[in-house]
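Chemist: Quick one: the structure is below, questions incoming.
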Amino acid sequence: MKSSFILIVILSLLGTYVKAQTPWVVPDDRKGLLAPLKFSDETRKLGQEVFNKTCVSCHGHPGQPDQAKLVPAPKDPASKEYQQNLDGEFFYKITEGRGLMPSFKKMLKSEDIWNVISYVRTFNKEYVQKVGAADSSSGITGKLLSKLDYLIKDNKIEVKVIQQSNKMPVIGVKLSLYAKRNFGWLPLDEMRISNASGKLTFNYPKDLPGDKVGDVNIKVNMANADGTERTIIDTIIKTEIKCSQYNLLDNRAMWNVRSKAPIWLMLSYCGSVLAAWGVIFYIIWILLQIRNKGAKV
Amino acid sequence: MEDNKEPKENKRREFLKTLGIIGAAGASGAMALYFGQQYEKIKSGKKVRLLTVDNKVVEFENGELKEFKGTTEDFIARGREGIPGKSWVMVIDLAKCRNARKCIGACQNAHHLRPEQYHVNTLQMQDSEITSPYFMPKPCQHCDNPPCVSVCPVDATFKRTDGPVLIDNERCIGCRFCIAACPYSARIFNWFDPKDAEKFANDPYDIELNVPQKRGTVSKCLFSADRLRKNELPYCVSNCPNGVYYFGDKNEDAVTNGTTKETVRLSTLLKDNAAYRLMEELGQEPRVYYLPPKNRLFPFPEEENKKDNHV
Amino acid sequence: MDEKTKSGIIHDILKSVKLNNGFYVWMAFLTVSLVFCLTAYYQQLTTGLGVTGLRDYISWGMYISNFVFFVASSLIGMLISSVLGLTGQKWVTPITRMAEIIAFAFAAVAGLVIVSDMGRPERLLNVFLYGRFQSPILWDVTVVTTYVMISLLLFIVPMVPDLAIAYNNRSDLPKWQRLLYKLLSLNWIGSEEQKALLHKAVRILLILVIPVALAIHTVTSWLFAVTPRAGWNSTIFGPYFVTGAFVTGVASVIIAMYVFRKIYHLQEYIKDIHFDKIGKLLVLVSLVYLYFNINEFLVPGYKMPKHEAVTLHSLFSGGHAIMFWFVQLAGLIIPIFLLLLKKFRKPTPLLIIGLFVFVGAWLKRYLIVIPTQEHPFLPIQNVPESYTFYQPTFTEICITLASFILVLIIVSVLAKVFPLIPIQETIDERNNKTESHEE
C-alpha cells in the first residue's frame, strides 16, 4: 500500500517534470516564417534595446550565466540549444508564449520582435538570414454592417471584409473584436472567420459599460500570417450601458473633507464649543460685576 | 474617436487656463517661429516670443526659458480634484509574484524614497503553520472607508473622486495619526531630511507624485496619480516583470496587466479567481483586490521561511 | 488648635508667599535643567523627528504616552474640587487649590507635549484653519484649551477673597506681587452681593468642569480607540482612561500634599486625617480602575483572537512582561491592599505608595501606547532591525523631562506666589464649627 503510494507520487512528479520539459513544438505553417526585412546593424541595435527592457530579467545577458532561477530555466540566448530555433520558431514562441514565458503579441509590434531576433542572432556566428516576402494582406479592409448608427441592440456586430482595390469580399480572414479601455484593448469575443460573402458576426457582451453616454470605441483586428494583428476597423458604437457616474465624495462621511462631515458631528462640535465658552464668558462677566460692585463702595 | 479626443482637449485647455501664462506655443516651437517672423522689426536673435492665452505676445531672453511644469498651488488644486468619471482599482495576482522587487525599485525611484522607505512593499506571508508561504506585494489599499483620512485633523490626506487616497505634504502637520490608524501599515514618515533633499528643494511640489518629499510629513502610495493623469499605468504596475499587477477603471469593468498589457474584464477576473481583499472584516473597503496564491509559478526559497517574522 | 484666631490663620497661610532664597535657588536649578533639556528639542527641530526612537511602525512613543499621562494627571482638579466639593466633603478644603494648580499645570503643559510630537510644529495653526470635525485631534485641542481655561478660572475665582486678605495683610511684599493681588482680588470687600456673585460663579465652574474634564480624557482615549488596531480597538477606553486618570491624579496630589506640608510647615492645616482620607480615596479610585483593567485584559484574553493575542502575550509573558507586572502589582494591586490598613495611610508610607502609583501610572501609559504598535496586522519586513521595536533615545527622554520640569516650574511659582491653602474658606469653616458647638 505504502510503496504503491510512493510509486504514484514518483510517477506523478515525473509526469510534471516531463510536462515541464515537453519540447515546444511550433506548428508547421508558422515554422517557416521569415522576417520581412533584412537584419542590419540598425535592427540589431533596436532589438538590443527591446531585449534589455523586456527579456533580460529572465533570460539574462546573452553569454552570461545570469538567467533567472526558474523552473524550467530560461535559456541563455547565446547557447547552442537556443540558437537551434528557426526564425519562424522564435517568432512563434515570442508572440504566443508558454508557461512562464509570456506572450508578447500584445506588448510588442511585429517589427520589434523581428529586431529582437536579429539581435539574438548576433550570438550565432553561423547564422545566415533568409529574407521573406512582404505581407500580402495589407490591401484588406473591413466595415461594420450593423444599422442604426451602430447602436448595439441585439448584441451582435456584423462585419464585412473586402479587398480595398476591387471591393470584392475576402473569404477565410480571421478577425477579432476589441473594446477600448483606459490602458488597453479588451478582447470581446473569440476569433471569427469570414464566410463566403466576406461577412462574419461577433457577439457583443450585454453588460460592458460604455462611457457616460454609453459610447464604446471598438476595433476589429485581422490576424496576419505571422500571428500578429492589424487593425481594419476602429470606430465608436453606441450602447445603452452608461458607466457609473456615482461620486464617492457626495456623501457625508467620517472620511470625507471637513465640509462633508456628518451634520450631527458638526452640530455637536459647534454646540459644545459654544456652550462651554459661553459659560466661560458668562463667568468672566460675573467677575467683572464683582469688580464693579466693589468699586462703587 | 472624437469623443475620446474631447476630454483631452478640455483638459489641456483647462490646464493652460490655470497656468495662465505661457500658451500653446510653449509646447510647439512652430507657433513661436511664426510669431518670430511676424515681429521681425525687433531685431534680436536671442529673444523668443511666445503667445499667451489672452492672445498677447510676450518676449523672453532665450536663456531664461525652461519648461514650465506648473506651480505648487496649481498642482495642489488639480491634484485634489481627481480625474472625472474614473474609479481606479488594482488587482494583484499572488500566484505570479516571485519577489523580484522591481515594483518597489521603480516606486522608490519615482517618489525619491530611501531604500527602507516603502510605498509598496513585498511581504513574505504564511497564514498558518502548514499552509503554503507566498509573497504579497502590499501597496496602500486606497480604501473607500479610509480610517487614515477619517482621523486626519487638517484635511492633509484626502480621498479623491477617482479613488486614490492622496497626501498633501504642504498641509500635513506631522501628527502621524494616520500611520496609527492604518491597519495595513501602508504609510511612512520622513523622520529625517528626505533623500536628495537639497537637489529638489526648489522644485514645485507635485501633490500627485508627492515629490519633493518633506521632512516631518507623512508619505504614502498614491496609485501613481501623476501617471494616471497622463493615462499611463502606475510605476509598480508597469515595471513588474512577472505579470503580477492589473490596473484599471472599475467604471469600465476592465483592468490591464502591467507586464503583458493584456486587458481583461475586472468582474470576470475576480470571479474566476476567487479574488479577495485584505482584512475585509475591518470594513475599510479596499480598492486593491488579491487573487489567491493558487498554483504558484515560482518555488519558494525554503531557507527564507525560517526568518519569517509573521505575527 | 481650632481656637486659632482669624489673624493666626491668615498669618500661617500667608507666611509662604514671600519669595525667599530657597525658592530662587530651586527656580534657578529648574531653569538650568529646562534650558539643557530644550537644547534636545532644538536638535529635534533641526534634524527631524528621526532623533527619537520612533520609526514607521512604532510612530507614537514616549511623547504620546507622556501626553496621555499629563492629561490624566490634570483630571484631579475636577475630582477633588468638583465631585468631592459639590458632594459636601469638607475635608478637601485645604487641598482644593493644590489640586487646581496641579490640574492647570499638567493640562497647560500637555498642550506643549503634543506639539513636541509634531513633525511640523510650525504648522500648528493648520489645526485651527483646516480643522476637521471628524478628527479626535481637533476635539482634543479644543477641549484641552477649554480645560486649561476652566482650570485657571477654578484656581483664581475661589481665591479672590484670599487675595484681598493677602493684599490687606502683607504690605511688606514687593510691588509687583501686591499689584498682582490687587488686580486679581477684583475690588473684593466681602459684601453680601459680591459673596452671592462669587458663590454663583464658583458653583457654575464646578459643574462645568465635570463634562469638560470627562471629555478631555475620553477624547484622548479616542486617539487610540478610533483606530482598528488590536489592543486599542476597545469600547471601554473612555472610562478606562478616566478612572486611570483619577488614580494618577490622586497620587500626584498625595505627593504635593506631603511636599508642601513639609516645606511650608502646614501641619496644622494638612493633617494626618487628610492623608488618611485621601488614602481611602486612592483605594476607591484604584478599585474602580482595577475593575476596568480586568475587563480590558480578561475579555480579549479569554478569546485570544489572533492579533490581540500577540499583544497580550507580549504584555503577560513577553518583552513587556516585567514592566506590565510591575505596573499592575506595584502600581495598583499592592497599593490597594496596603492602603486598606490604617497605618499605611500615614503621611510617609502614603507618600511612598503614592510615588509607586505615580511611576506605575506613567509606565501604564507607555504600555498602552507602544506594544500595540509593535504588532501591526501585517508583518514588519524588509526594514532595518531598529524599525521592529521601540527604544526611546536620550534626546527624547530629555524632551520628556523638560515637560516635567515645566510642570514643576508652574506648580512651584503658583504655589509660592499665591496662598496655597484657601484662607477665607478655612476661616468660615472654623467659624461654622464653633457656631455649631455653641448651639
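The values are calculated or read from the model by the stated rules, or taken from the named source; none is laboratory data. Here the structure is a predicted model, which is why all the values come from computation and not from measurement. Methodologically, a virtual Cβ is constructed for each residue, glycine included, from the backbone with ideal geometry; neighbour enumeration extends over all protein chains shown. We work out accessible area using only protein heavy atoms, side chains counted, and drop any ligands, DNA or RNA first. Shrake-Rupley method; radii C 1.70, N 1.55, O 1.52, S 1.80 Å.
Chemist: Tell me, what % of the accessible area of segment B:77-291 is carbon and sulfur with a 1.4 angstrom probe? All intermediate terms of the calculation are to be shown ahead of the outcome.
Modeler: On the way: 3070 of 6360 Å².
In segment B:77-291, the share of accessible area belonging to carbon and sulfur is 48 percent.
Chemist: Relative to 2.2 N^0.38 Å, what does the C-alpha radius of gyration of segment C:1-122 come to as a ratio? Two decimals please. All intermediate terms of the calculation are to be shown ahead of the outcome.
Modeler: On the way: Rg = 20.4 Å, N = 122, 2.2 N^0.38 = 13.7 Å.
Cα-based Rg divided by the globular estimate yields 1.49.
Chemist: What is the extension gain from C:GLU122 to C:LEU290, computed as 0.36 nm multiplied by their sequence separation minus the C-alpha to C-alpha distance, in nm to one decimal? Before the final figure, lay out each step's value.
Modeler: Working: separation 168, 0.36 × 168 = 60.48 nm, distance 4.05 nm.
Gain on stretching C:GLU122 to C:LEU290: 56.4 nm.
Chemist: Please give the total accessible area that chains B and A bury against each other, computed with a 1.4 Å probe and expressed in Å² to the nearest 100. Could the numbers behind the result be given before it?
Modeler: Details: alone 17340 and 19940 Å², together 34250 Å².
The summed interface area works out to 3000 Å².
Chemist: Compute log10 of I(q)/I(0) for segment B:77-291 with the Debye formula, placing one identical point scatterer on every Cα and leaving out solvent, at q = 0.09, 0.17 Å⁻¹, to two decimals.
Modeler: Relative scattering, expressed as log10 I(q)/I(0), comes to -0.33, -1.25.
Chemist: Moving on to the next point. Note every residue of segment C:138-166 with a reduction of at least 40 square angstrom in accessible area, all protein chains present versus the isolated chain, computed with a 1.4 Å probe, or write none.
Modeler: C:TRP139, C:THR142, C:THR146, C:MET149, C:LEU153
Chemist: While we're on this one: When 1/r is averaged over all different Cα pairs and the result inverted, which Kirkwood radius in Å belongs to segment A:204-297? Walk me through the numbers before you get to the answer.
Modeler: Values: mean 1/r = 0.0489 Å⁻¹.
Averaging 1/r across every pair of different Cα atoms and inverting gives 20.4 Å.
Chemist: Also: Taking 30 Å² as the minimum loss, tell me which residues in segment B:173-194 lose that much accessible area going from the chain by itself to the full protein complex (1.4 Å probe).
Modeler: Those residues are B:ILE173, B:CYS175, B:ARG176, B:PHE177, B:ILE179, B:ALA180, B:PRO183, B:SER185, B:TRP191, B:PHE192.
Chemist: For the pair C:GLN43 and A:SER259, how long in nm is the line joining their label points, each one 7 Å along Cα→Cβ?
Modeler: It works out to 4.6 nm between the two label points.
Chemist: With Cβ to Cβ distances under 15 Å as the rule, what net charge do the other residues near B:PRO286 carry (K, R +1; D, E -1)?
Modeler: Net local charge, B:PRO286 excluded: +3.
Chemist: Over segment C:3-429, what relative contact order in percent results from Cα pairs under 8 Å that are six or more residues apart?
Modeler: Over segment C:3-429, the number comes to 32 percent.
Chemist: Please provide three numbers in whole Å: the alpha-carbon extents of segment B:110-224 along the principal axes, with the largest listed first.
Modeler: Its Cα atoms span 53, 30, 25 Å along the three principal axes.
Chemist: Which entries of C:LYS18/C:LYS182; C:LYS182/C:LYS416; A:LYS53/B:LYS102; A:LYS38/B:LYS261 show an alpha-carbon separation above 19 angstrom in the structure shown?
Modeler: A:LYS38/B:LYS261
Chemist: Could you tally the net charge around C:HIS199, taking each other residue with its Cβ under 12 Å from the Cβ of C:HIS199, Lys/Arg +1 and Asp/Glu -1?
Modeler: Value of the local net charge: -1.
Chemist: Still on this structure, I have one more. Within 10 Å of each Cβ in peptide C:372-384, how many partner chain Cβ atoms are there on average? Round it to a whole number, please.
Modeler: Values: counts 1, 3, 1, 1, 6, 8, 13, 12, 6, 12, 10, 6, 2.
Other-chain Cβ atoms within 10 Å of each residue's Cβ, averaged: 6.
Chemist: Computed on protein heavy atoms with a 1.4 Å probe, what is the summed buried accessible area for the chain pair A and C, in Å² to the nearest 100?
Modeler: That pair hides around 2600 Å² of surface in total.
Chemist: In addition: Taking chain A as a Gaussian network, Cα atoms linked when under 10 Å apart, which of A:MET107, A:MET191, A:MET254 shows the biggest mean-square fluctuation?
Modeler: A:MET254
Chemist: How crowded by other chains is C:223-229, given as the mean number of beta carbons from other chains within 10 Å of each beta carbon?
Modeler: Taking the mean over all residues of the peptide, I get 6.
Chemist: Which value, in Å², gives the accessible area per residue of segment C:3-429 when a 1.4 Å probe is used on the protein heavy atoms?
Modeler: Value for segment C:3-429: 38 Å² per residue.
Chemist: Thinking of chain A as a set of Cα atoms, what percent of all their pairs are more than 29 Å apart?
Modeler: For chain A, the share of Cα pairs beyond 29 Å comes to 61 percent.
Chemist: Name the residues of segment B:153-167 whose accessible area falls by at least 20 Å² when all protein chains are present instead of the chain alone, probe 1.4 Å?
Modeler: B:PRO153, B:VAL154, B:ASP155, B:LYS159, B:THR161
Chemist: Tell me the carbon and sulfur percent of the accessible area for chain A, rounded to whole percent, probe radius 1.4 Å.
Modeler: Numbers: 10030 of 17100 Å².
About 59 percent, which is the carbon plus sulfur part of the accessible surface.
Chemist: Still on this structure, I have one more. If eta is 1.002 mPa s and T is 20 °C, what Stokes-Einstein diffusion coefficient results for the protein assembly as shown, Kirkwood Rh from Cα pairs, in µm²/s?
Modeler: D = 62 µm²/s.
Chemist: If C:HIS375, B:HIS119 are ordered by their accessible area, calculated over protein heavy atoms with a 1.4 Å probe, which sequence runs from highest to lowest?
Modeler: Final ranking, largest accessible area leading: C:HIS375, B:HIS119.
Chemist: From other protein chains only, count the Cβ atoms within 10 Å of every residue's Cβ in A:173-186, then give the mean.
Modeler: Across the residues of A:173-186, the mean count of other-chain Cβ atoms within 10 Å is 6.
Chemist: For the interface of chains B and C, what total accessible area is buried with a 1.4 Å probe, rounded to the nearest 100 Å²?
Modeler: The summed interface area works out to 4100 Å².
Chemist: Here's another thing I want to ask about it. Could you give the angle, 0 to 90 degrees to the nearest 10, between helix C:136-156's Cα long axis and the longest principal axis of the Cα atoms of chain C?
Modeler: The helix C:136-156 is inclined about 20 degrees to chain C.
Chemist: Of the accessible area of chain C, with the probe set at 1.4 angstrom, what percent is carbon plus sulfur?
Modeler: Taking all protein chains in place, chain C shows 69 percent carbon and sulfur surface.
Chemist: Bin width 5 Å, alpha-carbon pairs only: give the P(r) of segment C:292-439 as whole percents, running from 0 to the bin holding the largest distance.
Modeler: For segment C:292-439, the pair-distance distribution reads 2, 7, 10, 13, 13, 13, 13, 9, 6, 5, 4, 3, 2, 1, 0, 0, 0.
Chemist: Kirkwood Rh, Cα Rg: Rg to Rh for segment A:159-206?
Modeler: 1.07
Chemist: Using a Förster distance of 25 angstrom, determine the FRET efficiency expected from the C-beta separation of B:GLU285 and B:ARG114, and round it to 0.05. Before the final figure, lay out each step's value.
Modeler: Numbers: r = 31 Å, r/R0 = 1.24.
According to the calculation, E is roughly 0.20.
Chemist: Next question. Quick one: what does P(r) look like for segment C:265-346 with 5 Å bins over all Cα pairs, in whole %?
Modeler: Over segment C:265-346, the share of Cα pairs per 5 Å bin runs 3, 13, 18, 18, 14, 11, 9, 6, 5, 3, 1, 0 percent.
Chemist: Mind telling me which of C:PRO94, C:PRO422, C:PRO228 comes out most flexible in a GNM of chain C, alpha-carbon contacts under 10 Å?
Modeler: Largest GNM mean-square fluctuation: C:PRO228.
Chemist: Please report the Cα spread of segment C:3-429 along all three principal axes, rounded to whole Å, starting with the longest.
Modeler: On the principal axes, segment C:3-429 reaches 73, 50, 40 Å in Cα extent.
Chemist: For C:TYR264, tell me the accessible area in Å² from a 1.4 Å probe, rounded to the nearest 10.
Modeler: For C:TYR264, solvent-accessible area is about 20 Å².
Chemist: Something else now. Ordering C:PHE404, C:PHE389, C:PHE155, C:PHE128 from largest to smallest accessible area (1.4 angstrom probe), what's the sequence?
Modeler: So, going from the largest accessible area down, we get C:PHE128, C:PHE389, C:PHE404, C:PHE155.
Chemist: Same structure again: Checking understanding here: applying a Kyte-Doolittle mean of at least -1.0 and a length along the axis of at least 24 Å (C-alpha), which whole DSSP H helices in chain A pass?
Modeler: A:2-20, A:263-296
Chemist: When chain C is treated as a GNM, springs tying every alpha-carbon pair under 10 Å, which of C:SER286, C:SER65, C:SER386 comes out with the largest mean-square fluctuation?
Modeler: Top of the fluctuation ranking is C:SER386.
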